[in-house]
Amino acid sequence: MKFNCKDIENRVNIPKHIAIIMDGNGRWAKKRLLPRVAGHVRGVKRVKEIVEYCAKIGVTYLTLFAFGRENWRRPADEVTFLMKLLYEQLDKEFIKLHEQGVKIRFIGDKSRLRPEIRDKIIKLETITINNTRLNLNIALDYSGTYDITQAVNKILAQKITSITEEDFSKYLLTYPDVEPELLIRTGGESRLSNFMLWQVAYSECYFTNTFWPDFKIKDLDLAIKWFNTKERRFGMISEQLE
Ligand code: FPP
C-alpha cells in the first residue's frame with residue numbers, strides 16, 4: 001500500500017534518515033539462472049525507484065551502501081562490471097536526480113577509484129551541492145571502520161588530544177547529516193557488514209528476506225510502517241516519553 005499525502009502529514013512518521021544495505025543481487029540472479037551481474041543491473045532499477053520515492057514522501061537523508069571496502073575482494077570481472085555500471089549511471093540517471101533537486105554525495109575513499117569515475121563523482125557532487133529536495137549519500141569504497149579511522153586521523157592531524165562524542169561525529173563522512181533512524185538490510189542476512197557503525201548506534205534495524213532487486217516501493221512502505229510501531233526510548237523508559 002502506498003502512502004498518500006494524508007498519511008504522511010497526519011499519521012505516519014517518515015524517518016528523516018534512512019540507510020539501506022542493498023543485499024541479495026547475486027542470489028536474485030542465481031535463482032533465475034542468470035549471471036550475478038544481472039542482479040546488479042536490476043538492482044539499479046530499484047535504486048532509482050527508491051530514491052525518487054524517498055524524495056516524494058519527504059525523507060531528508062538517504063544513504064545507500066553501493067560498494068564496501070571489502071567488496072574489492074570479489075572476482076575482478078564483477079568489480080569491473082559494478083564500476084562500469086556505476087559510471088553509466090553517473091551520466092544518465094544521476095543527472096536526472098539532479099534535475100529533480102537531489103543533492104548527491106559519495107562517502108568513502110575516493111582515492112582508490114578509477115580517475116574517470118572520481119572526476120565524474122566530484123563533478124556531480126559539485127553541481128548538486130545547492131539542491132535541497134533529498135540528500136542522497138552513496139557509500140562507495142566505504143566501511144564503518146574506515147569512516148571512524150579517517151575521522152581519528154583528521155583529529156590527530158589537528159593535534160586535538162581529547163574530544164567529546166558530539167564533536168567526534170563532526171569528523172565522520174556523513175556529517176552534518178542526522179543519524180539514520182531506520183536501517184534496512186535486504187537479502188536475508190542480519191549483520192551490519194561494516195556499514196555506518198558509529199551512526200547506527202540507535203537506529204531501528206529492519207531485516208527482510210526480500211532480495212534487493214525485488215525490493216519495491218511497497219516493501220519500503222512496510223519498513224516505514226514497521227518503524228512506526230517502534231517506541232524509541234534511547235535508554236529511557238516508556239513513562240518518560242509520555
Ligand atoms: C550486494 O548484493 C550488492 C552490492 C555489493 C552492490 C550494490 C549495487 C547496486 C544495487 C547497483 C549499483 C548502485 C548504484 C548506486 C548505481 P550481493 O552481490 O552481495 O548479493 P548476494 O549476497 O546475493 O551475492
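General remarks:
- When region 67-180 is reduced to its Cα atoms, the Kirkwood hydrodynamic radius in Å: 15.5
- Remark: relative contact order (region 1-142) = 28 percent; criterion is Cα-Cα distance under 8 angstrom and separation of 6 or more residues.
- For region 164-230, chymotrypsin sites (Phe, Trp or Tyr not before Pro) meeting the loop criterion (DSSP other than H, G, I, E, B) and having at most 13 other Cβ atoms within 10 Å: 202.
- Normalised size of region 150-204, defined as Cα radius of gyration per 2.2 N^0.38 Å with N residues, equals 1.35.
- Long-range HN-HN contacts of residue 61 with modeled amide H, under 5 Å: 17, 18, 135
- Rel. contact order, % - alpha carbon contacts under 8 angstrom, at least six apart, the chain: 29
- Rounded Å value of the spacing that divides the Cα centres of region 206-241 and region 105-184: 25
- Positive-end residue, region 38-148 charge dipole about Cα centroid, Cβ charges, pick of 80, 39, 122: 39
- Prolate/oblate/rounded call for the chain, Cα gyration tensor, a/c under 1.5 rounded: rounded
- P(r) weight above 17 Å for region 117-242, C-alpha pairs, percent: 70
- The charge dipole of the chain, taken about its Cα centre with unit charges on the Cβ atoms of Lys, Arg (+1), Asp and Glu (-1) only, comes to about 860 debye.
- Every Cα-Cα pair in region 20-62 was counted, and those over 16 Å apart are 44% of them.
- Secondary-structure-derived ellipticity at 222 nm for the chain, considering helices only, amounts to -12500 deg cm²/dmol, per-run term -39500 (n - 2.57) for DSSP H runs with n ≥ 4.
- Fraction of the pair-distance distribution of region 28-109 above 19 Å, Cα-Cα pairs, percent: 44
No value in this document is a laboratory result; all are computed from the given coordinates. The shown structure was predicted, so the numbers you read here are calculated from the model rather than taken from an experiment. For neighbour counting, all protein chains shown are included, and Cβ atoms are generated from backbone atoms with ideal geometry for every residue, glycine included.
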